[in-house]
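One structure below.
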Amino acid sequence: MVSILYVCVRPEQGAADAEHQSFRRALGVRGLDRWDLLDHPLDGSIADRYDGVVVGGSPFNVVSEQRGDLQARVEHDLESIARDAIDGALAAMFTCFGIGVVTRMLGGTVGTAVPESTRSTTIRITSAGTADPVFGPSAPEMSVLTAHKEGSIEPPPGAVLLASNDDCPVQAYRVGERLYATQFHPEVTPQDFVDRMAYYRTTGYFDPHEYDLTAERVIAASVTGTDVLRRFAGLLSDRA
């Protein structure tokens with residue numbers, strides 16, 4: 001049986017619990033182990049115990065001038081998971097904040113010039129992405145949910161760009177065969193995203209005075225981004 005670990009990087013307990021369940025449902029697995037990275041540093045045995053890892057989002061920002069010791073330690077642990085995936089010890093999918101960690105680790109640039117507000121958007125699968133087993137079946141495009149203040153300016157060296165749009169050109173990439181990173185949130189349904197908005201109402205992801213309008217627009221969206229997580233889980237099953 002394939003074993004997948006959800007790595008949580010959210011300090012808000014309710015949002016973290018909901019994200020855990022969103023990943024479990026989107027992956028299509030009965031059980032999904034959880035590692036709360038803010039509370040428990042990585043112990044180095046992840047690759048020995050799991051076939052794959054999914055990394056959730058976070059209010060942390062790679063480019064923040066207020067990066068404390070906790071964030072630095074968390075980023076170091078996430079880089080360790082990314083290196084294991086590049087080496088083929090496991091498969092990993094990093095989302096939102098995680099793509100910034102991986103981009104910087106690989107020598108790429110993360111900046112605030114390509115933000116996206118809390119909304120649904122359409123992303124295009126690149127020509128390279130059409131040949132990818134996780135993203136290819138979604139070609140030529142798919143609808144996803146986004147909310148981020150920073151992003152990768154361009155794919156880092158060695159990465160294969162899988163998906164893009166005009167507002168944020170780096171929506172997803174792959175490094176080697178087993179490391180995936182997405183700027184968008186592949187785990188959420190529109191209802192999940194609206195529920196999450198309550199925890200981040202005053203944190204700059206959307207105008208708090210337009211909370212109801214933003215929620216209405218999100219809940220009315222039809223998204224297909226969760227398909228990539230189910231295919232990611234299937235990829236692990238094929239290699240088991």
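What follows is calculated from the coordinates using simple rules that are stated; it is not laboratory data. Model, not experiment: these values are computed from the prediction. So basically every Cβ, Gly included, is an ideal-geometry build from the backbone, and we count neighbours across all protein chains shown.
Computed values, structure above
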quantity: Count of residues meeting criterion [closer than 21 Å to Phe97 by Cβ and part of a loop (DSSP other than H, G, I, E, B)] in the range 31-55; calculated: 8
quantity: Restricting the range 94-112 to residues that are buried (at least 24 other Cβ atoms within 10 Å of the Cβ) and among the polar types (S, T, N, Q), the residue that is nearest to the chain's Cα centre (by Cα); calculated: Thr95
quantity: From the options His20, His76, residue that is surrounded by fewer than 21 Cβ atoms within 10 Å (Cβ to Cβ), in contact with a strand residue (DSSP E or B) (Cβ under 8 Å, 6 or more places away or on another chain) and part of a helix (DSSP H, G or I); calculated: His20
quantity: Condition check for Val175: within 21 Å of Val54 (Cα to Cα) and within 14 Å of the chain's Cα centre (by Cα); calculated: no
quantity: In the range 135-152, the residues that are closer than 15 Å to Arg174 by Cα and in a strand (DSSP E or B); calculated: Ser152
quantity: Pair list, Cβ under 7 Å, 6 or more apart: the range 34-59 residue more than 13 Å from Tyr6 (Cβ to Cβ), other residue of a type in the set (Asp, Glu); calculated: Pro41/Asp77; Leu42/Asp77; Ala47/Asp84
quantity: Test for Arg119: is it of a type in the set (Lys, Arg), touching a residue at least 24 places away in the same chain (Cβ under 8 Å) and under 28 Å from Tyr50 (Cα atoms); calculated: no
quantity: Pick from the range 165-184, criterion buried (at least 18 other Cβ atoms within 10 Å of the Cβ) and charged (D, E, K, R), ranking: farthest from Val114 (Cα to Cα); calculated: Arg178
quantity: One residue from Thr109, Thr130, Thr126 being among the polar types (S, T, N, Q) and touching an Asp or Glu at 6+ places or on another chain (Cβ under 8 Å); calculated: Thr109
quantity: Top-ranked residue of the range 153-174 - restricted to ones that are part of a strand (DSSP E or B) and touching a Gly at 6+ places or on another chain (Cβ under 6 Å), ranked as farthest from Ala215 (Cα to Cα); calculated: Leu162
quantity: Residues that are assigned to a loop (DSSP other than H, G, I, E, B), without any contact (Cβ under 8 Å) to a residue 60 or more places away in the chain and more than 23 Å from Ala89 (Cα to Cα), drawn from the range 1-17; calculated: Arg10, Pro11
quantity: Test: residue in the range 142-156 that is farther than 26 Å from Val63 by Cβ and of a type in the set (Ser, Thr, Tyr); calculated: yes
quantity: Hits in the range 205-240 (condition: in a helix (DSSP H, G or I), closer than 27 Å to Tyr50 by Cβ and small (Gly, Ala, Ser)); calculated: Ala233, Gly234, Ser237
quantity: Residue that is surrounded by the most Cβ atoms within 10 Å (Cβ to Cβ), among those in the range 185-230 that are under 15 Å from Met93 (Cβ atoms) and touching a Phe, Trp or Tyr at 6+ places or on another chain (Cβ under 8 Å); calculated: Glu187
